[in-house]
1. Collect the residues in region 69-112 that are of a type in the set (A, V, I, L, M), under 15 Å from LYS127 (Cβ atoms) and outside any helix (DSSP H, G or I), keeping them in residue-number order.
2. Return the residues of region 54-98 that are under 19 Å from PRO114 (Cα atoms) and of a type in the set (D, E, K, R); say none if nothing qualifies.
3. Out of curiosity, is GLU74 exposed (fewer than 13 other Cβ atoms within 10 Å of the Cβ), of a type in the set (D, E, K, R) and at pLDDT 95 or above?
4. What about GLY116, is it under 14 Å from the mean Cα position of the chain (by Cα), loosely packed, with under 15 Cβ neighbours inside 10 Å and assigned to a helix (DSSP H, G or I)?
5. If the requirement is being open to solvent by 10 Å² or more (accessible area, probe 1.4 Å) and assigned to a loop (DSSP other than H, G, I, E, B), which of these qualifies: LEU44, LEU61, LEU22, LEU36?
6. Applying the selection to region 80-95, what residues are modelled with pLDDT of 95 or more and either closer than 17 Å to ILE47 by Cβ or under 14 Å from the mean Cα position of the chain (by Cα) (or both)?
7. Check whether at least one residue in region 10-19 is without any contact (Cβ under 8 Å) to a residue 24 or more places away in the chain and within 25 Å of SER113 (Cα to Cα), and report yes or no.
Amino acid sequence: MNENPIGKKVLVVEDELAIAKLIKYVLENAGFEVTLIHEGNKVLSTISETNPDIMVLDLMLPVLSGYDILTQMEEKGILESTPVIVLTCRGQEEDKTKAMRLGASEFMTKPFSPSGLVAVINSVLNKSGEIHG
């Protein structure tokens with residue numbers, strides 16, 4: 001993990017307030033700038049406003065599901081510049097397969113290790129930096 005996360009922007013899409021606050025706390029303590037949203041229908045406008053480096057996405061959201069969001073991001077070419085880590089309680093193999101097929105960079109299940117989440121984010125950022133930078 002040679003990349004310093006300071007200033008890297010993370011968009012967290014999580015409708016469970018306690019989990020959203022935990023993720024925000026953990027990521028800010030690791031040096032990331034965090035934007036939280038709780039509804040899937042606000043993702044695309046928030047991406048255009050904040051230009052995040054990476055996104056942490058729950059699958060089960062009100063209005064639009066995480067799958068719908070991944071599909072929209074792929075259709076608009078956003079996944080090329082904004083990698084997505086799916087963080088969900090849906091841990092079945094078919095959920096992971098579908099998320100990865102739709103363009104997710106990584107798939108994690110809840111409950112999760114806070115340090116593990118930071119490590120996965122740094123790993124994905126390092127990989128995307130090699131690919132896009």
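1. Within region 69-112, VAL84, ILE85, ALA104 meet the criteria.
2. Correct list: ASP58, ARG90.
3. In short, no.
4. When the stated conditions are applied, GLY116 passes them.
5. Just one listed residue meets the conditions, LEU61.
6. Correct list: THR82, PRO83, VAL84, ILE85, VAL86, LEU87, THR88.
7. Yes, that holds for at least one residue.
The values are calculated or read from the model by the stated rules, or taken from the named source; none is laboratory data. Keep in mind that what you see is a predicted model, and the values were worked out from it rather than measured. Heads up, the Cβs are rebuilt from the backbone with ideal geometry, glycines too, and the neighbour counts pull from every protein chain shown. To get the accessible areas, we keep the full protein, side chains included, count just its heavy atoms, and leave off ligands, DNA and RNA. Shrake-Rupley method; radii C 1.70, N 1.55, O 1.52, S 1.80 Å.
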